[in-house]
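Asks: Before I ask anything, let me first share the structure, which is written out below as C-alpha cells.
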Amino acid sequence: MAYEVSRRQLIEDKLSEEHKKLAVLKESLASADALTNNMVSILDQFDERLLKLEETILPVHRKTKDLQRMRDNIDKTLVAFDHVISYHHVPRTVEPVLKKGPDRNVDHYIESMEKLSEAVKFFRENNPDSPELNNVLHLFDHGQGKLKSEFKSLLNRHTKPVQPDQIIKAANDTGSDKLENSDAKDSVLQLVAFPPKPASDLAKIAKWLQSTVKSKDLMNTYAQIRSANLLKELMALKDHVREMGAKSSPRKYSTIKDTPKKSNRRTSNLRKTSTMLRKDSVQSVNPIGGSKGSNLTVIPDEDTIEIELDPFECVVSVTEKLYKAEYTLLLHTFPDGRSVFDRVIQDSLGMLEQDGLKFVAYAKQCVVRKEHPMVVNIFPAIKHLKSKLSGYNTILKHTSEASRLKIPKLIGELNSSASTVLEDFTDSVKSDPGKESNMPKDGTVHELTSNVMLFLQQLVSNLDVAGGILASQHHGSTQTGSKGEQCLSQYMEHVLGALKLNLENKSRVYVDSGLAAIFLLNNYHFILNALSRSGLLELVKKSTPEIENIYSAVITEQKKKYLKCWDKFTGYLSDENKQGVTISAEPGSRLKDKEKQAVKEKLKSFNGDLEDLVKTHGVWAVPDSAIKQELHERVRKIVLPLYSKFWDRFRMVQFTKNIEKYLKYTPDGVEKQINKLFDQSSM
C-alpha cells in the first residue's frame, strides 16, 4: 500500500513539473507572437517608405543618366574636332621639316611624311573637294620627290668605285660568308664601300617609298647606278692587274693573229721548241696555268686576239664576291627586291662573258692556223671557271634563267672549242705532209714528233682540265678523276697511232732505206723516251697496256733494217768469187789470174762501199749515245770478224804488186771507220 502511495506521489510530482513547463512554453509563445506582430508592423512601415523613396529618386536618376550621356557625347565631339583640326594643322607642322629635307634626319622626315599620308587619306575620304586636300597633296608630292632625290643622292654619293687593291683585299677578307647572314653584312658592305649609316637611311627611304608609292622607278635608279659602278670597278680591276703584271713580269698574254695567212707554215716559236726537243729527252716544261711566274707563248704578230689570263682569273674570282656583296646590299635596301639583282649584274656579267669568249675565239684560231699546242693557253681559264662555278650557281640562282646559264654555257663553249682543237690536232698529225724539203737530212727527230710529244706533255701537265674537256664531249657533262684520265689516255693513244702512221709515210720520202730506218729509229726512240720521262707512259698504259713493248719492238725492227745495209760486206769477205768458186789461198802461195782478179774486186768493192757508207752514214744523226754504241758494236760484229780473217789470209798472198792499194785498212782501221758512223763532228 505504501508502494502505491509513493508511486502516485511520484507521478503527481512529474505532472506538476510538466504543467509548469507547459505554462512557460505558453508564455514564450505569446511573447513570440507579440514580437512577430511588432516586426510585421515595422516591415510594413519600411515598405511604405521605400515606395515613397522610389517614387522620388527614379526621376532624378533618369535625368542624371541623360546628363552623363550628353557629357560623353560632348567629349567625343571635342576629341573628333581635335582629330580633324590636327589634320588641318599637319601642313603647318610638317612644312618646316620638308623644307629642310631628309638629309639631316631621315627618321623625322619620314614621320612627317607619314603624317601627310594620313592627312591625304583623311581629306580624300571625308572632304575630297576641299582646298586642304590640295594643300596636303602638294606637300606630299613635294616631300615624296625630295625623298626620291635623297635616295638617288645618297646612292650616288656613296656609290664610288673601290680601288682595285682594296677590292682584292676585301674579297679575300669576306671569305665564304653566307648571303643572308646578318653577321656578315658589315664585311660585305665594306666590299661595296657603302657606310652603314647611309645604307640604313637608304633602306628606310626605300622601305617607306615602296610601301607608299609602289613605283618601279626607285628600283630602276638603284639598278642603273649600282650596275654602272660594278662595271667600272671590274674594268679598273683588269687594268690594275695588267699594270701589276707589267711590273712583276707575270704570265704574258698569248696572242693569235685574227686573220690567218693561207699558208700552213709553222710558227717560229714552234720551230724553236722543236729544235730544243730534238735532244734525247723531252725538256720539262712549266705547266701552263701553274705558278704566277710561268710564261705563255707569245706570237708577235699584228692584228691579234689577246687572251689575258691573269686579269680574267682575277675578275672571275672577284666578280663572284662582288655579286654576293651587291646581293646583300640589295636585300638590305629592298628586302623583296630580288628581281632587281638581275639588272644590277647584267652589264658586268656580259663583260665577263665577252672576256671568256675571247678564249673561245682563240681556240678557234688555233684550229684555223694549225697551232694546236697553243690551246693549252686556255686551260687555266677553263680550270678557274670550273672552280668558281659552284659559287656563281649559288648567287645567280636569284637571277633570270639567261643569267644563270651564262657561266655554264661559257664553260661548255670553252670545253667544246678546246675539244675541237684536240680533235683537229689528231687529224693534222695524220695528214701532216711528208715533203722532202721538210724532212731532216740527217734522219734525226722530225719537228712533228717533237711538237706532238711536247703537246702531249702539256696535256698531262693539265690532266684534270684536258681530261675533263675530252670526257665532257664524250659523256655530255664535265667529268673528272678516273673518267677524265681514261679519256685523255685514249686520246693520246689515237695521237700516237696517227703519229706512227705519219712517220712511216714520211720515211718513204727517203731514197736510202738505211736513212729511213735511222729516221724511224730516232723518232720511235724519242717517243718512247719522252713517254717514259714525262709521266706519259703510265697514263697511256691505261688504254694501251702494251705500249712500251710495241715501241721497243718497232725500234728493234728499225735497227735490223738499218743493219741490212751492211749485209753485202759478208759477200765481199767470203772465200767465193762471183761464179761461186772457192778461192784457196795459203800464205806464200800463188793465185791464178782469175783468183787474183776476184780478190782485187772484193777488196776494191769492200773499200769503196766502206768509205761510201762511212761518208754517208757519218752525217746521219743518232742522238742517243747508247743506241749509237749499239749500232757500232753490231756493225763491227758483222764486218770485223770476216775482215780480220780475210786480211790475215791475203796480206801474205801475192795477188798484186801494190798490196797497200787493196789491203787499204787494217782491222783496227776498219774499226776506226765504223766508229765514224753517226759522228757528225768527224766529217
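The values are calculated or read from the model by the stated rules, or taken from the named source; none is laboratory data. All values derive from a computational prediction rather than experimental measurement. Neighbour counts are summed over all protein chains in view; Cβ atoms, including those assigned to glycine, are modelled from backbone coordinates with ideal geometry. Please note that ligands, DNA and RNA were not included when accessible areas were found on the heavy atoms of the full protein model with its side chains. Shrake-Rupley method; radii C 1.70, N 1.55, O 1.52, S 1.80 Å.
Asks: Given a Förster distance of 35 Å, report the FRET efficiency between Arg69 and Lys100 from their Cβ-Cβ distance, rounded to the nearest 0.05.
Replies: Details: r = 47 Å, r/R0 = 1.35.
With R0 = 35 Å, the Cβ-Cβ based efficiency is 0.15.
Asks: Shifting gears a bit: Would you kindly derive the ³J(HN,Hα) couplings of the range 131-142 from the backbone phi angles with the Karplus curve 6.51 cos²θ - 1.76 cosθ + 1.60 (θ = phi - 60°), listing them in order in whole Hz, with x for Gly and Pro?
Replies: Each residue's phi maps through the Karplus curve to give x, 4, 4, 4, 5, 5, 5, 4, 5, 5, 5, 4 Hz.
Asks: In nm, give the distance between the simple-model label positions of Ser387 and Val509, each being 7 Å from the Cα along the Cα-to-Cβ direction.
Replies: 4.2
Asks: A follow-up question, please. Taking 0.36 nm per intervening residue step and subtracting the Cα-Cα distance, what contour gain separates Ser211 from Arg242 on full extension? Before the final figure, lay out each step's value.
Replies: Details: separation 31, 0.36 × 31 = 11.16 nm, distance 4.63 nm.
So the extension gain works out to 6.5 nm.
Asks: Can you tell me which lysines have their Cα less than 24 Å from the Cα of Lys26? Leave out same-chain residues fewer than eight positions away.
Replies: Straight-line reach from Lys26, under 24 Å: Lys14.
Asks: Which of the trypsin sites (Lys or Arg not before Pro) found in the range 421-472 are in a DSSP loop and have at most 13 neighbouring Cβ atoms, other than their own, within 10 Å? Walk me through the intermediate numbers first.
Replies: Values: sites: Lys430, Lys435, Lys441; in loops: Lys435, Lys441.
Filter output for the range 421-472: Lys435, Lys441.
Asks: Could you work out how far apart the two model spin labels at Leu463 and Ser153 are, taking each label as a point 7 Å from the Cα in the direction of the beta carbon, and quote it in nm?
Replies: 6.4
Asks: Can you work out ³J(HN,Hα) from phi for every residue in the range 239-244, in order, using Karplus 6.51 cos²θ - 1.76 cosθ + 1.60 and θ = phi - 60°, giving whole Hz and x for Gly and Pro?
Replies: 4, 4, 5, 4, 5, 5
Asks: Quote to one decimal, in nm, the extra length available between Leu22 and Thr570 on full extension: 0.36 nm per residue of separation minus the C-alpha distance between them.
Replies: Computed gain between Leu22 and Thr570 is 179.2 nm.
Asks: Can I ask one more? In terms of Cα to Cα distance under 19 Å, which aspartates and glutamates are near enough to Lys121, apart from those fewer than 8 places away along the same chain?
Replies: Qualifying aspartates and glutamates at Cα under 19 Å: Asp82, Glu95, Glu111, Asp129, Glu132, Asp141.
Asks: Now for a different question. Skipping prolines and chain starts, which residues have an amide H placed within reach, meaning under 5 Å, of the one on Ile305, given they are 5 or more residues away or on another chain?
Replies: Under 5 Å from the amide H of Ile305: Ile256, Lys257, Asp258.
Asks: Of the accessible area of the range 376-504, with the probe set at 1.4 angstrom, what percent is carbon plus sulfur? Working shown, then result.
Replies: On the way: 2300 of 4850 Å².
The nonpolar share, carbon plus sulfur, comes to 47 percent.
Asks: Could you name the lysines whose alpha carbon sits less than 27 Å from that of Lys542, not counting residues in the same chain fewer than 8 places away?
Replies: Correct list for Lys542: Lys383, Lys386, Lys430, Lys483, Lys500.
Asks: For an R0 of 56 angstrom, estimate the FRET efficiency from the Cβ-Cβ distance between Lys664 and Thr544 and round to the nearest 0.05.
Replies: Values: r = 51 Å, r/R0 = 0.90.
Given R0 = 56 Å and the Cβ-Cβ separation, E is 0.65.
Asks: Here's another thing I want to ask about it. Starting at the first residue of the range 455-470, write each ³J(HN,Hα) from the Karplus equation 6.51 cos²θ - 1.76 cosθ + 1.60 with θ = phi - 60°, in whole Hz, x for Gly and Pro.
Replies: Taking θ as phi minus 60°, the curve returns 5, 5, 5, 5, 5, 5, 5, 10, 4, 5, 6, 4, x, x, 4, 5 Hz for the range 455-470.
Asks: Could you give me the radius of gyration and the Dmax of the range 377-528, taking only the C-alpha atoms into account and expressing both in angstrom?
Replies: Calculated on Cα positions, Rg and Dmax stand at 19.9, 71 Å.
Asks: For all pairs of alpha-carbon atoms in the range 33-105, what percent lies in each bin of width 5 Å, listed from the first bin to the last filled one?
Replies: Reading upward from the zero bin: 3, 11, 9, 8, 8, 7, 7, 6, 6, 5, 5, 5, 4, 4, 3, 3, 3, 2, 1, 0.
Asks: Cα-Cα over 24 Å: which of Lys600/Lys672; Lys561/Lys661; Lys207/Lys324; Lys358/Lys406? Present the calculation step by step, with values, prior to reporting the outcome.
Replies: Details: Lys600/Lys672 22 Å; Lys561/Lys661 32 Å; Lys207/Lys324 21 Å; Lys358/Lys406 15 Å.
Violating the 24 Å limit, Cα to Cα: Lys561/Lys661.
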